[in-house]
Amino acid sequence: MGKNAGWSEYTSSRGHKITFPLATIQGANPGSRLTVTAGLHGCEYSGIAAAIELFNYLDPATVKGKIDIVTVASVAAFYEKSAFVNPADKKNPNRAFPGREDGSYTEAQVYFLLNDIIRGSDFYLDLHCGDMIEIIEPFALFHTGAGDAIDAKSSELAFYYGLPNIIPTSFQGVWSDQGTSYAAAAELGIPSAIVEAGGNGVLEQEAADIHLKGLLNVLRHLKMIEGEAEVPDIGKYYADFKWIYAPVPGLWSNSLPLGSLVMPGDRLGCVKDLFGTVIHNLTAPVAGKIVFMTSAAAMKENDIILGIAMN
Ligand SMILES: [Zn+2]
(Lines give C-alpha, C1' and ligand atoms only; values in the text may rest on other atoms or scores of the structure.)
Protein backbone atom coordinates (compact mmCIF):
# COMPACT_ATOMS: atom_id res chain seq x y z
CA MET A 1 0.00 0.00 0.00
CA GLY A 2 1.19 3.52 -0.66
CA LYS A 3 2.07 6.08 -3.29
CA ASN A 4 5.07 6.02 -5.52
CA ALA A 5 6.20 8.66 -8.00
CA GLY A 6 9.13 8.18 -10.35
CA TRP A 7 10.34 8.14 -13.93
CA SER A 8 9.92 5.13 -16.19
CA GLU A 9 12.80 5.20 -18.63
CA TYR A 10 13.29 3.32 -21.88
CA THR A 11 15.82 3.26 -24.67
CA SER A 12 14.56 1.83 -27.95
CA SER A 13 16.73 -0.35 -30.18
CA ARG A 14 17.15 2.69 -32.43
CA GLY A 15 18.42 4.71 -29.48
CA HIS A 16 15.35 6.85 -28.74
CA LYS A 17 15.25 7.76 -25.06
CA ILE A 18 11.67 7.83 -23.77
CA THR A 19 10.64 8.80 -20.25
CA PHE A 20 7.28 8.88 -18.49
CA PRO A 21 6.49 10.48 -15.12
CA LEU A 22 4.60 7.61 -13.51
CA ALA A 23 2.63 8.09 -10.30
CA THR A 24 1.21 4.94 -8.72
CA ILE A 25 -1.32 4.50 -5.98
CA GLN A 26 -1.37 0.99 -4.56
CA GLY A 27 -4.57 0.69 -2.57
CA ALA A 28 -4.86 -1.04 0.78
CA ASN A 29 -7.47 -3.45 -0.52
CA PRO A 30 -7.72 -5.66 -3.59
CA GLY A 31 -9.53 -4.31 -6.63
CA SER A 32 -9.16 -3.40 -10.27
CA ARG A 33 -6.21 -1.77 -11.97
CA LEU A 34 -6.92 1.55 -13.70
CA THR A 35 -4.39 3.32 -15.87
CA VAL A 36 -4.77 7.05 -16.50
CA THR A 37 -2.68 9.01 -18.97
CA ALA A 38 -2.64 12.76 -19.53
CA GLY A 39 -0.53 15.02 -21.69
CA LEU A 40 -0.29 12.62 -24.62
CA HIS A 41 -0.73 15.94 -26.36
CA GLY A 42 1.77 18.00 -24.42
CA CYS A 43 -0.11 21.32 -24.43
CA GLU A 44 -3.34 19.98 -22.92
CA TYR A 45 -2.76 21.29 -19.44
CA SER A 46 -6.13 20.88 -17.74
CA GLY A 47 -5.98 17.10 -18.13
CA ILE A 48 -2.38 17.09 -16.89
CA ALA A 49 -3.37 19.17 -13.85
CA ALA A 50 -6.24 16.81 -13.06
CA ALA A 51 -4.01 13.73 -13.31
CA ILE A 52 -1.53 15.30 -10.88
CA GLU A 53 -4.37 16.33 -8.55
CA LEU A 54 -5.80 12.82 -8.59
CA PHE A 55 -2.46 11.39 -7.44
CA ASN A 56 -2.17 13.88 -4.60
CA TYR A 57 -5.83 13.76 -3.58
CA LEU A 58 -6.37 10.02 -3.12
CA ASP A 59 -5.52 8.25 0.12
CA PRO A 60 -4.19 4.72 -0.58
CA ALA A 61 -5.90 3.50 2.60
CA THR A 62 -9.27 4.11 0.94
CA VAL A 63 -8.36 2.78 -2.51
CA LYS A 64 -9.20 -0.71 -3.71
CA GLY A 65 -6.81 -1.92 -6.39
CA LYS A 66 -4.12 0.03 -8.17
CA ILE A 67 -4.09 3.29 -10.12
CA ASP A 68 -1.20 4.04 -12.48
CA ILE A 69 -1.10 7.67 -13.62
CA VAL A 70 1.19 8.93 -16.36
CA THR A 71 0.87 12.63 -15.63
CA VAL A 72 2.54 13.79 -18.86
CA ALA A 73 2.75 11.09 -21.52
CA SER A 74 4.57 13.30 -24.05
CA VAL A 75 7.19 15.03 -21.93
CA ALA A 76 9.24 16.39 -24.85
CA ALA A 77 6.15 17.97 -26.45
CA PHE A 78 5.17 19.37 -23.04
CA TYR A 79 8.46 21.18 -22.47
CA GLU A 80 8.71 22.37 -26.07
CA LYS A 81 5.04 23.50 -26.07
CA SER A 82 4.60 21.51 -29.25
CA ALA A 83 0.93 21.26 -30.25
CA PHE A 84 -0.44 18.00 -31.73
CA VAL A 85 2.96 16.41 -32.45
CA ASN A 86 6.25 15.44 -30.85
CA PRO A 87 9.19 17.73 -31.63
CA ALA A 88 11.51 14.84 -32.61
CA ASP A 89 9.62 13.42 -35.59
CA LYS A 90 6.57 15.70 -35.92
CA LYS A 91 4.23 12.74 -35.43
CA ASN A 92 0.97 12.85 -33.50
CA PRO A 93 1.27 10.27 -30.69
CA ASN A 94 -2.49 9.81 -30.67
CA ARG A 95 -2.36 8.56 -34.26
CA ALA A 96 0.68 6.32 -33.79
CA PHE A 97 -0.70 3.49 -31.62
CA PRO A 98 0.10 0.63 -31.29
CA GLY A 99 3.53 1.92 -32.28
CA ARG A 100 6.68 -0.11 -32.76
CA GLU A 101 9.76 -0.59 -30.66
CA ASP A 102 12.11 -0.08 -33.60
CA GLY A 103 10.19 2.86 -35.07
CA SER A 104 10.61 6.62 -34.91
CA TYR A 105 10.60 8.50 -31.59
CA THR A 106 6.80 8.71 -31.40
CA GLU A 107 6.26 5.13 -32.57
CA ALA A 108 8.65 3.90 -29.86
CA GLN A 109 7.07 6.21 -27.25
CA VAL A 110 3.54 4.86 -27.74
CA TYR A 111 4.87 1.30 -28.02
CA PHE A 112 6.39 1.53 -24.53
CA LEU A 113 3.35 3.36 -23.14
CA LEU A 114 0.95 0.76 -24.50
CA ASN A 115 2.95 -2.38 -23.81
CA ASP A 116 4.70 -1.52 -20.56
CA ILE A 117 2.11 0.62 -18.78
CA ILE A 118 -1.38 0.31 -20.29
CA ARG A 119 -1.27 -3.43 -21.12
CA GLY A 120 -2.48 -5.52 -18.20
CA SER A 121 -4.83 -2.79 -16.89
CA ASP A 122 -8.48 -3.57 -16.30
CA PHE A 123 -9.54 -0.08 -17.43
CA TYR A 124 -7.90 2.86 -19.17
CA LEU A 125 -8.70 6.58 -19.37
CA ASP A 126 -6.80 9.05 -21.56
CA LEU A 127 -7.25 12.69 -20.47
CA HIS A 128 -7.21 15.35 -23.17
CA CYS A 129 -8.37 18.91 -23.86
CA GLY A 130 -8.61 20.93 -26.98
CA ASP A 131 -5.00 21.39 -28.08
CA MET A 132 -3.02 24.68 -28.00
CA ILE A 133 -5.31 26.26 -30.61
CA GLU A 134 -8.61 24.46 -30.01
CA ILE A 135 -11.72 25.20 -28.00
CA ILE A 136 -14.11 22.39 -27.14
CA GLU A 137 -17.33 21.45 -25.43
CA PRO A 138 -16.33 18.65 -23.07
CA PHE A 139 -16.74 15.27 -24.76
CA ALA A 140 -15.84 11.62 -24.37
CA LEU A 141 -14.99 9.12 -27.11
CA PHE A 142 -15.03 5.36 -26.81
CA HIS A 143 -14.02 2.71 -29.31
CA THR A 144 -16.49 0.22 -30.73
CA GLY A 145 -15.57 -2.98 -32.54
CA ALA A 146 -13.56 -4.67 -29.78
CA GLY A 147 -16.43 -7.02 -28.91
CA ASP A 148 -19.76 -6.31 -27.26
CA ALA A 149 -18.57 -6.75 -23.66
CA ILE A 150 -15.54 -4.46 -24.07
CA ASP A 151 -17.54 -1.90 -26.06
CA ALA A 152 -20.25 -1.80 -23.37
CA LYS A 153 -17.70 -1.30 -20.58
CA SER A 154 -15.94 1.44 -22.57
CA SER A 155 -19.29 3.17 -23.03
CA GLU A 156 -19.81 2.99 -19.25
CA LEU A 157 -16.47 4.66 -18.57
CA ALA A 158 -17.36 7.46 -20.99
CA PHE A 159 -20.83 7.80 -19.45
CA TYR A 160 -19.77 7.88 -15.79
CA TYR A 161 -17.12 10.51 -16.52
CA GLY A 162 -20.14 12.79 -16.77
CA LEU A 163 -19.38 14.87 -19.87
CA PRO A 164 -22.22 16.29 -21.98
CA ASN A 165 -21.21 14.75 -25.32
CA ILE A 166 -20.45 11.05 -25.80
CA ILE A 167 -19.33 9.79 -29.19
CA PRO A 168 -18.72 6.16 -30.17
CA THR A 169 -15.95 5.79 -32.74
CA SER A 170 -14.50 2.90 -34.73
CA PHE A 171 -11.76 2.04 -37.19
CA GLN A 172 -14.21 2.20 -40.11
CA GLY A 173 -16.26 5.12 -38.84
CA VAL A 174 -16.84 8.49 -40.46
CA TRP A 175 -13.88 9.57 -38.32
CA SER A 176 -11.49 6.63 -37.91
CA ASP A 177 -10.03 6.13 -34.44
CA GLN A 178 -7.18 4.05 -35.89
CA GLY A 179 -3.93 4.89 -34.15
CA THR A 180 -5.51 6.32 -31.01
CA SER A 181 -4.63 5.30 -27.46
CA TYR A 182 -8.12 4.30 -26.41
CA ALA A 183 -8.83 2.24 -29.54
CA ALA A 184 -5.51 0.40 -29.16
CA ALA A 185 -6.29 -0.33 -25.50
CA ALA A 186 -9.82 -1.51 -26.31
CA GLU A 187 -8.42 -3.83 -28.98
CA LEU A 188 -6.20 -5.33 -26.25
CA GLY A 189 -9.40 -6.07 -24.32
CA ILE A 190 -9.10 -3.09 -21.96
CA PRO A 191 -12.27 -1.00 -21.68
CA SER A 192 -11.20 2.58 -22.28
CA ALA A 193 -12.26 6.10 -23.14
CA ILE A 194 -10.71 9.39 -24.12
CA VAL A 195 -12.12 12.30 -22.14
CA GLU A 196 -11.73 15.94 -23.11
CA ALA A 197 -12.32 19.20 -21.23
CA GLY A 198 -10.44 22.49 -21.45
CA GLY A 199 -8.27 23.78 -24.28
CA ASN A 200 -6.48 26.65 -25.97
CA GLY A 201 -3.18 25.94 -24.23
CA VAL A 202 -4.54 27.24 -20.93
CA LEU A 203 -4.61 25.51 -17.57
CA GLU A 204 -8.25 26.15 -16.70
CA GLN A 205 -9.05 25.12 -13.14
CA GLU A 206 -12.70 24.74 -14.10
CA ALA A 207 -11.76 22.17 -16.76
CA ALA A 208 -9.33 20.40 -14.42
CA ASP A 209 -12.20 20.18 -11.92
CA ILE A 210 -14.43 18.60 -14.59
CA HIS A 211 -11.72 15.99 -15.18
CA LEU A 212 -11.16 15.33 -11.47
CA LYS A 213 -14.89 15.00 -10.84
CA GLY A 214 -15.12 12.55 -13.75
CA LEU A 215 -12.16 10.51 -12.55
CA LEU A 216 -13.57 10.20 -9.03
CA ASN A 217 -17.01 9.24 -10.33
CA VAL A 218 -15.52 6.53 -12.55
CA LEU A 219 -13.45 5.26 -9.59
CA ARG A 220 -16.65 5.04 -7.54
CA HIS A 221 -18.42 3.26 -10.38
CA LEU A 222 -15.54 0.75 -10.55
CA LYS A 223 -15.75 0.29 -6.75
CA MET A 224 -12.13 1.43 -6.43
CA ILE A 225 -13.00 4.16 -3.92
CA GLU A 226 -15.82 4.50 -1.40
CA GLY A 227 -19.18 6.00 -2.24
CA GLU A 228 -21.97 5.61 -4.75
CA ALA A 229 -21.25 6.80 -8.27
CA GLU A 230 -23.48 9.61 -9.42
CA VAL A 231 -25.56 8.70 -12.47
CA PRO A 232 -24.87 11.63 -14.81
CA ASP A 233 -27.94 13.11 -16.47
CA ILE A 234 -26.26 15.29 -19.10
CA GLY A 235 -24.55 12.75 -21.35
CA LYS A 236 -25.99 12.72 -24.85
CA TYR A 237 -24.89 9.90 -27.14
CA TYR A 238 -24.11 10.74 -30.75
CA ALA A 239 -23.69 8.43 -33.76
CA ASP A 240 -20.20 9.24 -35.02
CA PHE A 241 -17.70 12.04 -35.46
CA LYS A 242 -17.11 14.22 -38.53
CA TRP A 243 -13.98 16.34 -38.78
CA ILE A 244 -13.84 19.25 -41.22
CA TYR A 245 -10.52 20.26 -42.77
CA ALA A 246 -9.50 23.37 -44.68
CA PRO A 247 -9.76 22.59 -48.41
CA VAL A 248 -7.55 25.55 -49.28
CA PRO A 249 -5.00 27.65 -47.39
CA GLY A 250 -5.98 31.09 -46.14
CA LEU A 251 -7.67 32.98 -43.33
CA TRP A 252 -10.56 31.13 -41.68
CA SER A 253 -13.55 32.97 -40.33
CA ASN A 254 -16.34 31.00 -38.69
CA SER A 255 -20.06 31.78 -38.85
CA LEU A 256 -21.26 29.65 -35.95
CA PRO A 257 -20.09 29.46 -32.35
CA LEU A 258 -18.91 26.34 -30.56
CA GLY A 259 -21.83 24.19 -29.45
CA SER A 260 -24.02 25.14 -32.42
CA LEU A 261 -26.45 22.54 -33.72
CA VAL A 262 -26.11 22.21 -37.48
CA MET A 263 -28.02 20.65 -40.35
CA PRO A 264 -26.50 19.60 -43.68
CA GLY A 265 -25.95 22.69 -45.80
CA ASP A 266 -25.70 25.12 -42.89
CA ARG A 267 -22.97 27.66 -43.44
CA LEU A 268 -20.00 27.03 -41.12
CA GLY A 269 -17.75 29.84 -42.31
CA CYS A 270 -15.39 30.72 -45.08
CA VAL A 271 -11.73 30.79 -46.04
CA LYS A 272 -10.45 34.05 -47.51
CA ASP A 273 -7.20 34.60 -49.30
CA LEU A 274 -4.75 37.02 -47.78
CA PHE A 275 -6.28 39.92 -49.73
CA GLY A 276 -9.81 39.33 -48.39
CA THR A 277 -11.41 37.45 -51.27
CA VAL A 278 -13.58 34.52 -50.22
CA ILE A 279 -12.04 31.47 -51.84
CA HIS A 280 -14.13 28.80 -50.15
CA ASN A 281 -17.49 28.70 -48.38
CA LEU A 282 -17.77 25.81 -45.98
CA THR A 283 -21.10 24.16 -45.20
CA ALA A 284 -21.98 21.39 -42.77
CA PRO A 285 -21.96 17.99 -44.50
CA VAL A 286 -23.84 16.29 -41.65
CA ALA A 287 -26.31 17.06 -38.87
CA GLY A 288 -25.05 17.33 -35.32
CA LYS A 289 -23.30 19.59 -32.83
CA ILE A 290 -20.02 21.46 -33.20
CA VAL A 291 -18.02 20.11 -30.25
CA PHE A 292 -14.60 21.46 -31.11
CA MET A 293 -13.17 24.17 -33.31
CA THR A 294 -9.85 25.76 -33.97
CA SER A 295 -9.17 29.10 -32.34
CA ALA A 296 -6.47 29.95 -34.90
CA ALA A 297 -7.53 31.68 -38.11
CA ALA A 298 -4.45 30.67 -40.13
CA MET A 299 -5.13 27.62 -42.29
CA LYS A 300 -2.81 25.47 -44.30
CA GLU A 301 -4.51 23.08 -46.71
CA ASN A 302 -5.94 20.13 -44.70
CA ASP A 303 -5.61 21.83 -41.32
CA ILE A 304 -8.38 20.84 -38.95
CA ILE A 305 -11.15 23.43 -38.60
CA LEU A 306 -13.83 21.83 -36.44
CA GLY A 307 -15.51 18.61 -35.40
CA ILE A 308 -19.21 17.71 -35.46
CA ALA A 309 -20.69 15.11 -33.13
CA MET A 310 -23.14 13.50 -35.54
CA ASN A 311 -26.81 12.92 -34.77
ZN1 LIG B 1 -5.39 15.74 -27.26
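Measuring nothing but how far apart in sequence close Cα pairs (under 8 Å, 6+ apart) lie, relative to its length, the range 1-131 scores a relative contact order of 30 percent. The trypsin sites (Lys or Arg not before Pro) of the range 1-76 meeting both criteria, a DSSP state outside H, G, I, E and B (loop) and at most 16 other C-beta atoms within 10 angstrom of the site's C-beta, are Arg14. Could you tell me which of rounded, prolate or oblate describes the range 1-63, using a ≥ b ≥ c as the square roots of the eigenvalues of the alpha-carbon gyration tensor, with rounded for a/c under 1.5 and, failing that, prolate when a/b is larger than b/c and oblate otherwise? Taking the square roots of the gyration eigenvalues as a ≥ b ≥ c, the range 1-63 is oblate.
If a/c stays under 1.5 just call it rounded; otherwise compare a/b with b/c (prolate if a/b is bigger, oblate if not). Do that for the range 86-148, with a ≥ b ≥ c from the square roots of the Cα gyration tensor eigenvalues. Oblate is the answer for the range 86-148, as a/c is 1.5 or above yet b/c matches or exceeds a/b.
Taking a ≥ b ≥ c as the square roots of the eigenvalues of the Cα gyration tensor, an a/c ratio of 1.5 or more together with a/b no larger than b/c marks the range 45-116 as oblate. Here the relative contact order of the range 240-310, from alpha carbon pairs under 8 Å that lie six or more residues apart, stands at 43 percent. Rounded to the nearest Hz, the phi-derived 3J(HN,Hα) couplings of the range 55-61 under the Karplus curve 6.51 cos²θ - 1.76 cosθ + 1.60 (θ = phi - 60°) are 4, 7, 7, 6, 9, x, 5, where x marks glycine and proline. Measuring nothing but protein heavy atoms, the accessible surface of the chain at 1.4 Å probe radius is 54 percent carbon and sulfur.
Placing +1 on each Lys and Arg Cβ and -1 on each Asp and Glu Cβ, with no other charges, gives the chain a dipole about its Cα centre of roughly 280 debye. Taking label positions 7 Å along the Cα-Cβ direction at both Ala28 and Glu9, the computed distance is 3.5 nm, reported to one decimal. Surface exposure of the range 240-310, expressed per residue as accessible area with a 1.4 Å probe, stands at 46 Å². For the range 180-238, applying the loop criterion from DSSP together with a ceiling of 14 other beta carbons within 10 Å to the GluC sites (Glu not before Pro) yields Glu226, Glu228, Glu230. The listed residues Leu282, Leu22, once ranked by accessible area (1.4 Å probe) with the largest placed first, stand as Leu22, Leu282. Measure out, as a whole number of angstrom, how far apart the alpha-carbon centroids of the range 249-269 and the range 1-61 sit. About 38 Å separates the Cα centre of the range 249-269 from the one of the range 1-61. Distance between the modelled labels on Gln178 and Lys223, one decimal in nanometres: 3.9 nm (7 Å Cα→Cβ projection). Taking the chain as the reference, fit the longest principal axis to its C-alpha atoms, fit the long axis of helix 205-221 to the helix C-alpha atoms, and give the angle between the two in degrees, 0 to 90, nearest 10. Long axis of 205-221 versus the principal axis of the chain: about 50 degrees.
Taking every C-alpha pair closer than 8 Å and separated by at least 6 residues, the mean separation divided by the residue count of the chain gives a relative contact order of 17 percent. Here Arg100 sits with roughly 120 square angstrom of accessible surface, probe radius 1.4 Å.
Within the listed set Met293, Met224, Met263, the residue fluctuating most in the Gaussian network model of the chain (springs between alpha-carbon atoms under 10 angstrom) is Met263.
Solvent-accessible surface of the range 2-237, averaged per residue with a 1.4 angstrom probe and all protein chains in place: 38 square angstrom. Expressed to the nearest 5 percent, the antiparallel share of DSSP beta bridges inside the chain is 65 percent.
Qualifying trypsin sites (Lys or Arg not before Pro) in the range 193-274, where qualification requires a DSSP coil assignment and no more than 16 other C-beta atoms within 10 Å, comprise Lys223. Dipole magnitude for the range 171-311: computed about the Cα centre from +1 point charges on Lys and Arg Cβ and -1 point charges on Asp and Glu Cβ, it is near 320 debye.
The values are calculated or read from the model by the stated rules, or taken from the named source; none is laboratory data. Keep in mind the model is a prediction, meaning the values are calculated, not measured. Note that each Cβ is placed from the backbone with ideal geometry, even for glycine, and that neighbours are counted across all protein chains shown. SASA here: full protein model, heavy atoms, side chains in, ligands and nucleic acids out. Shrake-Rupley method; radii C 1.70, N 1.55, O 1.52, S 1.80 Å.
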